[in-house]
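Undergrad: Take a look at the following structure, please.
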There are 2 protein chains.
Amino acid sequence: MPRVSQDHLDARRRQILDGSRSCFARFGYEGATVRRLEEATGLSRGAIFHHFGDKESLFLALAEDDASRMADVVAEQGLVQVMRNLLVRPDGQRAADGEHPADWLGTRLEVSRRLRTDPDFRARWAKRSERLTMATRDRLRRQRAVGKLRDDVPVEVLAAYLELVLEGVVSHLAMGLPADDLDPALDLVEESVRRHRRG
Amino acid sequence: MPRVSQDHLDARRRQILDGSRSCFARFGYEGATVRRLEEATGLSRGAIFHHFGDKESLFLALAEDDASRMADVVAEQGLVQVMRNLLVRPDGQRAADGEHPADWLGTRLEVSRRLRTDPDFRARWAKRSERLTMATRDRLRRQRAVGKLRDDVPVEVLAAYLELVLEGVVSHLAMGLPADDLDPALDLVEESVRRHRRG
């Protein structure tokens, strides 16, 4: 048998993650059957579970992958930009491109739903979601260091505030409510964490 | 047959609403079977559906009743107070008393979930949820009139902002995340809509 290269393994992993992301976004966790996952990824169940063990682990890997990409956006542009990216596709439908933020919304919604209904999932997720919180706090600390952030409120409170608004945006979009009135509200959010000029 | 008084009808209606509120909060819409609704209200299915037609109409009446009570709190104390009330029972479990805000959370969550998954419900709900939005805007206008509210942002934007945060609080609690870090974040929310002293 030929030796499988690391590049090949990574590419296969990526193919499974991107395909199943659309599938979970479209059908939800329970609705994303093994057959549908096969169709969405173009791979057999054997190949899928060779890489990810079981459906639960696949979903967690996916959610972790999304949280990690959100953390990258946070690090460079802040959490409010993550929210603005979510508004790009207000219908919450998946886009053709697996990289599209609307698919993050799908995963994020499934995470929210499972956190509500499944205590075991809650425990497994807690460890994996820390990166986003850390990225948010790091970004806020850097913004504070260069004088862009208000300095009368602890960074932890500002981070909790921003995460609360993010949850609100996710929920708002998930309910199919119009997104066109959200941009000015997000301007207000951005302003409320910013350092205000004196005088 | 004796003539049934309006008071008696109202009391019976209230008994059904309060009992089924706990039932929906505990089991969710699908899980609140007719048998469970009978147990929770202490009434027969015949009596329940005599007053509310069917389960869907009962749930809508309940959600409307909650939105109306939330609107009363908003009118007197503002939407941030509604959010603080939700924090009283951070575990999201129903309280013994049917009037408890934690039961509003249960109904609100079911509304959120059904808005996501059921387009027909979305249309029926839209008409009924307006009262809360109106109450929020009215309260903001009155606050502005007495100089307590910032006047550089339209009332509609402030209302959209507050509703976004409310959704975030509901979602946060629903996911079973700790509520103890939310109070300072809500202070920040309150401050960001308030009129700031000059000088």
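Undergrad: For B:F24, state whether it is closer than 28 Å to B:D138 by Cα, assigned to a helix (DSSP H, G or I) and in contact with a Ser or Thr (Cβ under 9 Å, 6 or more places away or on another chain). I'd like the intermediate steps shown before the answer.
TA: Values: closer than 28 Å to B:D138 by Cα: no; assigned to a helix (DSSP H, G or I): yes; in contact with a Ser or Thr (Cβ under 9 Å, 6 or more places away or on another chain): yes.
Here the answer is no, as B:F24 does not meet what is asked.
Here is a yes/no grid of residues against (1) open to solvent by 20 Å² or more (accessible area, probe 1.4 Å); (2) touching a Ser or Thr at 6+ places or on another chain (Cβ under 7 Å); (3) part of a helix (DSSP H, G or I):
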residue: A:D10; (1), (2), (3): yes, no, yes
residue: A:L17; (1), (2), (3): no, no, yes
residue: A:L58; (1), (2), (3): no, yes, yes
residue: A:A61; (1), (2), (3): no, no, yes
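Undergrad: Out of the residues in the stretch A:178-199 that are more than 8 Å from chain B (Cβ to nearest Cβ) and farther than 21 Å from A:V73 by Cβ, state the one that is most open to solvent (accessible area, probe 1.4 Å).
TA: The extreme case among them is A:R197.
Undergrad: So, in the stretch B:27-51, exactly how many residues are buried (at least 20 other Cβ atoms within 10 Å of the Cβ) and assigned to a helix (DSSP H, G or I)? Working first, answer last.
TA: Start the filter on the stretch B:27-51 by keeping residues that are buried (at least 20 other Cβ atoms within 10 Å of the Cβ), which leaves B:32, B:37, B:40-41, B:48.
In the following step, the residues that additionally are assigned to a helix (DSSP H, G or I) were identified as B:37, B:40-41, B:48.
Of the residues in that region, 4 qualify.
Undergrad: Still on this model: Of all residues in the stretch B:145-175, which are open to solvent by 40 Å² or more (accessible area, probe 1.4 Å) and either of a type in the set (G, A, S) or without any contact (Cβ under 8 Å) to a residue 12 or more places away in the chain (or both)? Spell out how you get there, then give the answer.
TA: Within the stretch B:145-175, the first condition is being open to solvent by 40 Å² or more (accessible area, probe 1.4 Å), and the residues that meet it are B:145-146, B:148, B:151-152, B:154, B:156, B:163.
Listed by number, the residues that qualify are B:A145, B:V146, B:D152, B:P154.
Undergrad: Related question: Among the residues of the stretch A:183-198, are any out of contact with any Leu (no Cβ under 6 Å at 6 or more places or on another chain), among the polar types (S, T, N, Q) and farther than 30 Å from B:A25 by Cα?
TA: Checked the stretch A:183-198: at least one residue is out of contact with any Leu (no Cβ under 6 Å at 6 or more places or on another chain), among the polar types (S, T, N, Q) and farther than 30 Å from B:A25 by Cα.
Undergrad: Continuing with this model, one more query. Would you pick out the residues in the stretch A:140-174 that are more than 17 Å from the chain's Cα centre (by Cα), in a helix (DSSP H, G or I) and more than 9 Å from chain B (Cβ to nearest Cβ)?
TA: The first filter runs over the stretch A:140-174 and keeps only residues more than 17 Å from the chain's Cα centre (by Cα), leaving A:140-158, A:161.
Subset that is in a helix (DSSP H, G or I): A:140-145, A:155-158, A:161.
Listed by number, the residues that qualify are A:L140, A:R141, A:R142, A:Q143, A:R144, A:A145, A:V155.
Undergrad: Of the numbered conditions (1) under 17 Å from A:T133 (Cα atoms); (2) in contact (Cβ under 8 Å) with a residue 12 or more places away in the chain; (3) open to solvent by 40 Å² or more (accessible area, probe 1.4 Å), A:D66 fails exactly one; give the number of that condition.
TA: Single failed check for A:D66: (3).
Undergrad: So how many residues does the stretch B:122-137 have that are open to solvent by less than 60 Å² (accessible area, probe 1.4 Å) and touching a residue at least 12 places away in the same chain (Cβ under 8 Å)?
TA: 6
The values are calculated or read from the model by the stated rules, or taken from the named source; none is laboratory data. On a predicted model such as this, the values are computed, not experimentally measured, just so you know. Cβ: placed from backbone, ideal geometry, glycine included. Neighbour counts: every protein chain shown. Surface areas here come from the heavy atoms of the whole protein model, side chains and all, with no ligands, DNA or RNA. Shrake-Rupley method; radii C 1.70, N 1.55, O 1.52, S 1.80 Å.
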